[in-house]
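Novice: Handing you a structure now.
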Amino acid sequence: MFIEIPAAAGTAEALVVRPSTGTGPFPGVILYMDAFGLRPRIEEMAQRIADWGYIVLAPNVFYRDGTVAELAPKVDMTTPEGRSAAGKAAFPRVGHLTAEKALPDIDAWVAALEKLDGVAAGPIGTFGYCMGARLAVRTATAHPEVVAACGGFHGGGLATETPDSPHLGLPQAKARFVFGHADHDQSMDSDAVARLGSALEAAGLEASNEVYAGAPHGYTMADTSMFHAEATERHFTELRALLDGTLKA
């Protein structure tokens, strides 16, 4: 089901997915989508994760640019040409979502998750894909009092040399982190992976910071030409271990 959330610059839609069985209450988690937005693939992933025993909130972080329906890809992304065509519309939105805009929105997403019926009191988790990994890290660093788990998969721009790089907030975090980087990813090269690892270690955080060999950027997205089944299943395994180990321990 979709709900509406009062966010920093207007009303945002958000997908809420609950476990198929069980009575709860259940721990709450925030799923941050990739650049192509909320669509059936994100709903499929959210349902699989919810069925582990979680309530999943997936906000339309691009609400300033349009509704979920307006921003949905209009082409078949399972071919490189289709994905490239969809990217011409989607990728500029990523650049528009600056840290200055994202942080007040993050406050709204956290507040909305905690108010959902059936969400257990206590810590929450967050994870994201592509640019959503940056938002997950910013959530963990902006709300260390509640975020106990943070995952980022085929994320880009997590540890840059800019003054607002997400990794610079890690000293404030208290979460456990799991990162599954794409192999030879131009948006998260080996230097950036090393920079992120050093920041996690310096902050004294429990973390896994791995490159998935052979996995391209976007490897979890089965509706695109970048899908990599083995890496996707590895990500689900590691994400479930992270969430279960922190939110159900």
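The values are calculated or read from the model by the stated rules, or taken from the named source; none is laboratory data. Keep in mind the model is a prediction, meaning the values are calculated, not measured. Every residue, glycine among them, receives a Cβ derived from its backbone with ideal geometry; neighbour counts consider all protein chains shown. Calculation scope for accessible area: heavy atoms of the full protein, side chains included, ligands and nucleic acids excluded. Shrake-Rupley method; radii C 1.70, N 1.55, O 1.52, S 1.80 Å.
Novice: Could you sort 65, 185 by accessible area so the largest value comes first, with the probe set to 1.4 Å?
Specialist: Listed by decreasing accessible area, they come as 65, 185.
Novice: Ok, one more. Calculate the radius of gyration of the Cα atoms of the range 176-249 to one decimal place, then report Dmax, the largest Cα-Cα distance, as a whole number, both in Å.
Specialist: When restricted to Cα atoms, the range 176-249 yields Rg and Dmax of 13.2, 38 Å.
Novice: To the nearest Å, what is the center-to-center distance of the range 77-112 and the range 172-249, using C-alpha atoms only?
Specialist: Here the answer is 19 Å between Cα centres.
Novice: With both bridge residues required to lie in the chain, what share of the DSSP beta bridges run antiparallel, to the nearest 5%?
Specialist: Percent antiparallel among DSSP bridges in the chain is about 30.
Novice: Next up: With a 1.4 Å probe and all protein chains in place, put 191, 244 in order of accessible area, largest first.
Specialist: Descending order: 191, 244.
Novice: Find the all-direction average of the projected area of the Cα convex hull for the chain, expressing the result in square nanometres with one decimal place.
Specialist: Average of the hull's projected areas for the chain equals 11.9 nm².
Novice: Here is a follow-up. Straight-line reach from residue 248: which lysines have a Cα under 29 Å away, not including same-chain ones fewer than 8 places off?
Specialist: Within the straight-line limit of under 29 Å, residue 248 reaches these lysines: 115, 174.
Novice: I'm checking a number: the convex hull volume of the Cα atoms of the range 93-226, normalised per residue, in Å³. What is it?
Specialist: 120 Å³
Novice: Provide the FRET efficiency to the nearest 0.05 for the residue 249-residue 222 pair, computing r from the beta carbons and using R0 = 35 Å.
Specialist: 0.70
Novice: Could you calculate the FRET efficiency of residue 229 with residue 191 from 1/(1 + (r/R0)^6), where r is the beta carbon distance between them and R0 is 25 Å, rounded to 0.05?
Specialist: Using R0 = 25 Å, I get an efficiency of 0.30.
Novice: Say R0 is 25 Å: what FRET efficiency, to the nearest 0.05, do residue 198 and residue 96 get from their beta-carbon distance?
Specialist: 0.25
Novice: Let me have the 222 nm mean residue ellipticity of the chain computed from DSSP H runs of 4+ only, each contributing -39500 (n - 2.57), with the sum over all residues rounded to the nearest 500.
Specialist: -12000 deg cm²/dmol
Novice: Let me make sure I get this right: for the range 1-99, a, b and c are the square roots of the gyration tensor eigenvalues over alpha carbons, sorted descending. Under 1.5 in a/c it's rounded, otherwise prolate if a/b > b/c, else oblate. Which is it?
Specialist: Oblate.
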